[in-house]
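Note sheet for the following structure.
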Amino acid sequence: MLNFIENLAKSAGRLALEARKRLTEEEVHFKNPKDLVTDVDREVEHFLRGKIMQAFPDHAILGEEEGISNTGRSEYQWIIDPIDGTTSFVHGAPLYSVSVGLYRNGKPYAGAIYVPRLDELYSASLGKGAFCNGKPIHVSGRSKLENCLGITGFACLRAGLPKNNLPHFCRIAPKIRDIRRYGSAAYNLCAVASGSADFFWEMQLNAYDVAAGVIILSEAGGKVTDFSGGEKYPENGIVASNGAVHDEILRLLAMD
């Protein structure tokens, strides 16, 4: 199963990479004034759905662009994001990704995230560990916030929400070594899983943004919760870390 997921994510990523070379302004559309979608997003999701339905016709599929299909017919559900980081994709920035997650009975089971511009394939399956381009990865061991590199994002600002991530950012950023904003939640989770960052938090994400990344991070030894330390992520926010600094980040997020 994992080989299928890995090959699928890579094939979809290569499709996106080639399509970006010919992207025109007419192919870029707006879900709202700040939220972009392109014809390539839809093309890649159509490709992913087609391959999954051909191989597993009874499996449910949830995708960002076309919603859900085949509900109630199988214990398996695919959760896909054809291009996570469409703004980066449109602007020519490198950190966008294809995310393919598989849930079994409502729990993360396997997943792969491919970053085409970096040619990095992150993958994991339940109980088998996490990998980048076939090599095992693991979260960092940093335990002091002052030594940590954090990641966040601002989907909440793009959505125009009055309650947003800026107060959290201003509270956390001064307490750590530095902070990054890569623009792809899927890649952010992989960065924590591989130890190149120590934690990630964000608001206003959707299941397709994090489904594959959650299993990769968990299999790499990390921890994932909502902002309250529970399991209602991403709807109640998501915090992903190496585990060692998790409680401190939760404490800072609770200081409203």
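The values are calculated or read from the model by the stated rules, or taken from the named source; none is laboratory data. Quick caveat, the model's predicted, so the values are computed rather than measured. Reconstructed Cβ throughout: ideal geometry from the backbone, glycine too, with neighbour counts over all protein chains shown. Side chains are part of the model used for accessible areas, which takes the heavy atoms of the whole protein and leaves out ligands, DNA and RNA. Shrake-Rupley method; radii C 1.70, N 1.55, O 1.52, S 1.80 Å.
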* So is residue 165 within 22 Å of residue 80 (Cβ to Cβ) and open to solvent by less than 10 Å² (accessible area, probe 1.4 Å) or not? -> no
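Going by what's in this entry, would residue 135 be described as farther than 27 Å from residue 87 by Cβ and touching a helix residue (DSSP H, G or I) at 6+ places or on another chain (Cβ under 7 Å)? Spell out the reasoning first.
On the way: farther than 27 Å from residue 87 by Cβ: yes; touching a helix residue (DSSP H, G or I) at 6+ places or on another chain (Cβ under 7 Å): no.
For residue 135, the condition - farther than 27 Å from residue 87 by Cβ and touching a helix residue (DSSP H, G or I) at 6+ places or on another chain (Cβ under 7 Å) - is not met.
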* To do: Consider only pairs whose beta carbons are under 7 Å apart and that are at least six residues apart or on different chains; among these, list those whose first residue lies in the range 36-63 and is closer than 16 Å to residue 25 by Cα and whose second residue is assigned to a loop (DSSP other than H, G, I, E, B) and open to solvent by 50 Å² or more (accessible area, probe 1.4 Å).
  => none
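Do we have residue 256 as open to solvent by 10 Å² or more (accessible area, probe 1.4 Å) and at pLDDT below 95 here?
On the way: open to solvent by 10 Å² or more (accessible area, probe 1.4 Å): yes; at pLDDT below 95: yes.
Here the answer is yes, as residue 256 does meet what is asked.
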* Test for residue 160: is it in a loop (DSSP other than H, G, I, E, B) and open to solvent by 30 Å² or more (accessible area, probe 1.4 Å) -> yes
* Just for the range 183-217: of the residues that are more than 11 Å from the chain's Cα centre (by Cα) and in contact (Cβ under 8 Å) with a residue 60 or more places away in the chain, which one is surrounded by the most Cβ atoms within 10 Å (Cβ to Cβ)? -> 193
* Asked: Does the range 108-126 hold any residues that are at negative phi and without any contact (Cβ under 8 Å) to a residue 60 or more places away in the chain, and which are they?
  -> 118
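Would you please name the residue that is farthest from residue 192 (Cα to Cα), looking only at residues in the range 163-179 that are outside any helix (DSSP H, G or I) and out of contact with any Ser or Thr (no Cβ under 8 Å at 6 or more places or on another chain)?
Kept after step one, since they are outside any helix (DSSP H, G or I), are these residues of the range 163-179: 163-165, 176-179.
When the remaining residues are screened for being out of contact with any Ser or Thr (no Cβ under 8 Å at 6 or more places or on another chain), the result is 163-164, 176-178.
On the way: 163: 26, 164: 23, 176: 15, 177: 15, 178: 14 Å.
Selected residue: 163.
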